[in-house]
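A short reminder: the numbers here are calculations on the coordinates, not readings from a lab. Quick caveat, the model's predicted, so the values are computed rather than measured. Here the Cβ positions follow ideal geometry from the backbone for every residue, glycine too, while neighbour counts run over all protein chains shown.
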């Protein structure tokens, strides 16, 4: 393409990219004001003047070369890298000129042809080319020489052998002419392309070699040498370049050493070169070094490379014969033989060899530096060692001590690399440092923890450990501790003594107990060493030691801890118990086979088999002085069973104190009526009305004192002044909060024995179980702080099933729980059905509006103030959404639309009424019950009604039970969920789901209980795509956990996270 100055080539927009805008504007003004004059323009150059002022001009030259624009100016800024304003103006003016006066294409083309110089024909050299190796001022040089056909027979020009013969016979060395410039095959038609390439490379190498002693010839001449194998090469100098022919060999030689001992005992070491099995002796007189790196050596008439050569290799080649007198040979063998063998292959009848090919054994050498524990990795191959290296050799040489036997060891490089890599992982507590094969402890790993736990793991994985006995940080007693227990029995306690040994060293129980309670892993022993407390001991014994009281010789535990002691003894190395403990343990273990107890004569009724078993279990607890929890399902007759038990106690000891029964207010008259029915001989006093006595002596006139939780709380000072035979809590979940005043008051009641009756001993948290047992068997589960840390946190936060199993085992003898399916198979079947409905359009719009409002509000509140600050607002938001699911009128009284669930409910009620069924309708929203009342009144459908404001509760219950024409009973979930017997109903409808399934179950069991003769159908109304579906999910989790008695999941609100809130308000 033509190189012509044109407007297209002059791309000033690109040229101005790096020019300041102000400079471009100044140049533009020069052009606009006519201050630019173009003097000359041709195909490659333009001369332009830019006038700063009249008579003052700067010369600008613009030149095009190889399609690059060069601009010069005579102003003071001509040396600046950026364009000055004069050059900008000149470029703008030239572009405008070239647009209006484009260059002539024909002139440019023809002018280039006319200007071209005619090419001369090349000079032809009929000659051969040979190469001369010559010593230069610095090192050697390789010079190509030409031998003209005037001196060389024509048949020898293309025949290297004939040419070599002619050079020797005709003495043509002085006829050879050096070639100083690059050549080609046109000039030398008789020479091969390979020879031309070699000659040109030699010429380039010679021209690039500076006259400096620091110059490395290898860079220039190494490529040339590789091309000389098929060329004629001679040793010579400038005056006589072809003195002696040299054979160039490209296969690499290796250095070997031959060690022998002569007859006079002198050790002779000779350096040899091995070329493909051919061993060449070296003579310093005809040996020379041509290149150092890589090493090329001239040996006689040979020129060859040496493999893997170093500076030491050069030294050996130049001094190939060494002798060591007898008096210096021991030094050679001890200090030099092995390092020499690792660098150079050795031969000779003086040396013997062995081969080792075994798997490496990793070794860790421990040391301390600056208070830090360090480890170094090495590898053992039989009796020899090798350091850990990044790129180890495949073989190493070792000397058998005191001999001339060399052992060649094959290293398992891949195995070593894997071990080196793995040792620095967290599993071994080490991390790599800068030095290969060296390690330090990880930041989170204590030296004691490393020595006690990671060292045994390393040994288990095949490592050998050295230096542990030199540690000053700690010394470890490697004996596994043994523990022996001795149990002796008191009146209502057990004394536990223990002997702990680490080998021959005995440790006091007090020190072990303190360490385990603090979850410490080490004990300082009498000899200054450290003993490791096994991890399983911490889990196995920490509860035992925390629950008991320390004595001079051991730990004193309550008689209620018998099962815990029994479990600990099962895992001990040795155990000895006294006869009383053994008797108590065996009797407690056999509580499933409690002796039959006769029913009291004054009992007016009949106990079913499972009730009879509970009756006898209560006698069993009474005999041993334990409190217990009768936790059978709701509706299985716990009240009747308890009354029979109390009647039995009264008949066996008529002079005993009265028994106290505390219950919800709704059950007060039910207990009185049941007592009058089944145990009419028991004298019953209801301590509840405003005119109740304030004299505890009054209780002696009665056998049973009935009161409510609220009355108990108000009268606890009065109640605790009397020692009751039994204190019994009905619906004892009322004390599930251990910090509530009601719970604290219950624990203050003065009684010989205690019982709890409940269908749901645990609803949300394991903490509820502690509260129950703090009343039943004080001290059995330790204090509240200990229980929260040891059990609640482990079970609810860490999901520790092992801790949950331990807790179940501790409380197992004191809880009797049977479900209705187990104990009353004669009950008619109960079926549950989930009925889903969609919202009406207006209802859905209101729901989405409220949901989005609370979602944005809560997420912002959580991000700014944390989840704890947002809990109340979370409850408020959930309440509003659940109310809208029922009916929008619960949140907006002016709402005029309908509700999908409400319409479905009314349709269902109309159908049930038409078919003659009786149904219980539960809702937790009293306002929702009011809406249902309005709808039933409009339809002239009769119903009974009960909420927290209903005074004649029993009257409403009797009306529904006895009137077959009364189809429905509207009940507030909290007001009527417990204490009612409503077996007349065969349908139960839950209008809205509650978080806790146990509450719903209690409500359902108002009708599915002993005395029911019809199948029960339970309907749960759920609004699709709403928060109610998430409540169902939570219910299922709680149902699974409560089935195991101890829940391993936290209640909803206390474990709430930001993600939970996002999910609830989706």
Discussion item. Beyond 17 Å, how much of the Cα-Cα pair distribution for the range 293-355 remains, as a whole percent?
Written reply: 54 percent
Discussion item. On C-alpha positions alone, give me the angle between the axis of helix 21-32 and the longest principal axis of the chain, in degrees, nearest 10.
Written reply: 50 degrees
Item to complete: Take every Cα-Cα pair in the range 593-823 and report what % of them are more than 29 Å apart.
Response: 25 percent
Worksheet item: Over the range 69-192, what lengths in whole Å, largest first, do the semi-axes of the equivalent ellipsoid take, defined as the square roots of 5 times the eigenvalues of the alpha-carbon gyration tensor?
Response: 58, 24, 9
Discussion item. If packing is taken as the average count of other Cβ atoms within 10 Å, what order do 62-72, 229-239 fall into, highest mean first?
Written reply: 229-239, 62-72
Practice prompt. Please give the residues of the range 319-356, grouped as numeric ranges, whose backbone N is less than 16 Å from a label point set 7 Å along the Cα-to-Cβ vector of residue 382.
Written response: 352-356
Discussion item. Suppose the chain between residue 276 and residue 395 were pulled fully straight at 0.36 nm per residue; how much longer would it get relative to their current alpha carbon spacing?
Written reply: 40.7 nm
Response to the item:
Here the FRET efficiency for residue 871 versus residue 427, based on Cβ atoms and R0 = 35 Å and rounded to 0.05, is 0.25
Worksheet item: How high is the FRET efficiency between residue 710 and residue 608 when r is their beta carbon distance and R₀ equals 35 Å, given to the nearest 0.05?
Response: 0.60
Response to the item:
Expressed in Å to one decimal, the Kirkwood Rh of the range 326-419 from all distinct alpha-carbon pairs is 15.0 Å
Discussion item. From the gyration tensor of the Cα coordinates in the range 254-350, what semi-axes in whole Å does the equivalent ellipsoid have, largest first, with each one equal to sqrt(5λ)?
Written reply: 25, 14, 12
Fill in: the chain: angle of helix 926-938 to the longest principal axis, Cα-based, in degrees nearest 10
60 degrees
Response to the item:
Quick calc: nm separation of the 7 Å Cα→Cβ label points for residue 136 and residue 501 -> 8.8 nm
Worksheet, complete the sentence: Here the gain from full extension of residue 9 to residue 310, 0.36 nm per residue of separation minus their alpha-carbon distance, amounts to 102.6 nm
Fill in: Spacing of the two label points (7 Å from each Cα toward its C-beta) at residue 484 and residue 344, in nm
7.1 nm
Discussion item. Just to compare against my own numbers: the Cα pair-distance distribution for the range 718-852, 5 Å bins, whole % per bin, please.
Written reply: 2, 8, 14, 16, 13, 10, 9, 9, 8, 6, 3, 2, 0
Worksheet entry | At q = 0.07, 0.09, 0.10 Å⁻¹, base-10 log of I(q)/I(0) for the chain (Debye sum, equal scatterers on each alpha carbon) | -0.87, -1.14, -1.28
Worksheet item: Taking the highest mean first, how do the peptides 31-40, 672-681 order by number of other beta carbon atoms within 10 angstrom per residue?
Response: 672-681, 31-40
Response to the item:
By the Kirkwood definition, with r running over pairs of different Cα atoms, the range 354-474 has a hydrodynamic radius in Å of 15.3 Å
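Residue 244 to residue 105: extension gain in nm, 0.36 nm per residue of separation minus the Cα-Cα distance? Each step should come with its number before you reach the end.
Values: separation 139, 0.36 × 139 = 50.04 nm, distance 6.33 nm.
The span from residue 244 to residue 105 would gain 43.7 nm if fully extended.
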Worksheet item: So if R0 is 45 Å, what FRET efficiency would residue 802 and residue 357 give, r being the distance between their Cβ atoms, rounded to the nearest 0.05?
Response: 0.40
Fill in: Whole-Å semi-axes of the ellipsoid equivalent to the range 12-115 (Cα gyration tensor, √5λ, descending)
25, 15, 13
Practice prompt. Identify the residues of the range 313-350 with backbone N under 16 Å of a label point that sits 7 angstrom from the Cα of residue 266 along the Cα-to-Cβ direction, or state none.
Written response: 320-329
Worksheet item: According to a simple spin-label model (label point 7 Å from Cα along Cα-to-Cβ), what is the distance in nm between residue 527 and residue 40?
Response: 10.8 nm
Worksheet entry | Segments 750-760, 46-56, 766-776 sorted - mean Cβ within 10 Å per residue, highest first | 766-776, 750-760, 46-56
Worksheet, complete the sentence: Longest principal axis of the chain (C-alpha) makes with the long axis of helix 1027-1042 (C-alpha) an angle, in degrees to the nearest 10, of 80 degrees
